[in-house]
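Each remark here refers to the structure printed beneath this line.
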Amino acid sequence: MMLDCGLRTLIVVFCLVNIIRGQTAPEGGFLKREHSLVKPYSGNGMTMPFWDFRDNAMITNNFIRLTSNHQGQLGSVWNKQPCFLRDWETHVHFKVHGGGRTLAADGMTFWYTRERLTPGPVFGSTDEFRGLAIFLDTYKNGQQAVTFPQISAMIGNGSMKYDHMGDGRLNSIGSCLASFRNKDYDTFMSIRYVKQRLTIQIDVDNQGKWRECMDVSGVMLPSGYFFGVSAATGDLADNHDLISIKTYQLEIQRTPEEEAEDWATVLPGIKFLKPPIDNVDDDGKGDYRNSSVSGSKMLLIIICGLLGAGICIVVGYVVFQKRQEQNRKRFY
Ligand SMILES: *[C@@H]1O[C@H](CO)[C@@H](O)[C@H](O)[C@H]1NC(C)=O
Ligand SMILES: [Ca+2]
């Protein structure tokens, strides 16, 4: 009896944890369909309601393959509508895999830029862009002693060039190591932009919770730019599969001063310039932020535990009563 109930409680807790496992909506987040890319991608034919794609990108039922495992490919998907959300969080679900055990290239990039559908040399998209780029770089071009794959971010102002030979180090505003290639499980990245603060978190270790990649303040991005994801291969290759993009509008409290800030037309840039920071080898002692996801999960586990215990006590009591009754009946 106790074992059965305990087992049942465990199953209930396990199921609930699994439901919220992976990437749920952020607290107070509201999914914006027009900035999201989810299955089924195309209703009829090969068009998507909110997204364009080009070059080698192709739509399948289960993913959008930006490049396949062949040399010299590039592909991209771009949101048709500019984003006018002031505070947002976007979750990118992707998979990078190929024949090369350790050697692959070049990687993919998440964009929030003025430019869209403009192919070029930066992971399949144009250089001298305006806005945010988050590079998921699988090939180390530079000489620095860091591990790859690496995620790094850059804010372009229209005249800065991506530093290819240094893997973006020159204009990097932050980076982290992220081993996301050839995994059996799915990989995720979260990009949060609130009050000029850019927070990038990843889940590439099948943890079901976010791990901080970088957290940078003073990031100036205007509204009205476009979300996009592009990828490219070189002499080495990989399949770069995009599975979903989910963009959430966030409700954020502001002071009147913050409310009055001009955010719609600011020039893209960064307020506090710091020297480039190299990522450090991740030995599992990374800075695990207690995100709202794991917080709510913890709460659910506690509630489930209490509920389970409550059910156990009630069921146990009822069964006990029944037994007593039967015993009494047998007695008479
Ligand atoms: C962009 O930033 C670079 C480097 O900080 C600077 O030299 C350049 O003048 C800026 N360009 C624009 C258009 O603001
Ligand atoms: Ca590189």
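Any read-out appearing in this document is the output of simple, stated calculations on the displayed coordinates, not a laboratory observation. Quick caveat, the model's predicted, so the values are computed rather than measured. Every residue, glycine as well, gets a Cβ built from its backbone with ideal geometry; the counts of neighbours run over all protein chains shown.
Annotations
- Cα gyration tensor of segment 21-270 - equivalent ellipsoid semi-axes, whole Å, descending: 26, 21, 18
- Extending 7 Å from Cα along the Cβ direction at THR147 and again at PHE30 yields two label points whose distance is 4.2 nm.
- Taken along the Cα-to-beta-carbon direction at a fixed 7 Å, the label points for ARG197 and LEU170 span 3.2 nm.
- Relative protection proxy for 134-140, 264-270, from highest mean packing down: 134-140, 264-270 (other beta-carbon atoms within 10 angstrom).
- FRET efficiency, MET58 to GLN253 (Cβ-Cβ, R0 51 Å, nearest 0.05): 0.75
- Sparsely packed loop sites in segment 237-272 (the chymotrypsin sites (Phe, Trp or Tyr not before Pro) outside DSSP H, G, I, E and B with at most 12 other Cβ atoms within 10 Å) comprise PHE272.
- Take the Cβ atoms of GLN71 and PHE272, set R0 to 51 Å, and the FRET efficiency comes out at 0.80.
- Each Cα pair under 8 Å and six or more residues apart adds its separation to the average, and for segment 21-270 the resulting relative contact order is 32 percent.
- Calculated P(r) tail over 24 Å for segment 63-210, as whole % of Cα pairs: 30
- Along the axis of the charge dipole computed for segment 202-267 (Cβ charges of +1 for Lys and Arg, -1 for Asp and Glu, origin at the Cα centre), the listed residues LEU221, TRP263, THR247 are led at the positive end by THR247.
- Potential lengthening between MET46 and ARG101 on full extension [0.36 nm per residue; Cα-Cα distance subtracted]: 16.5 nm
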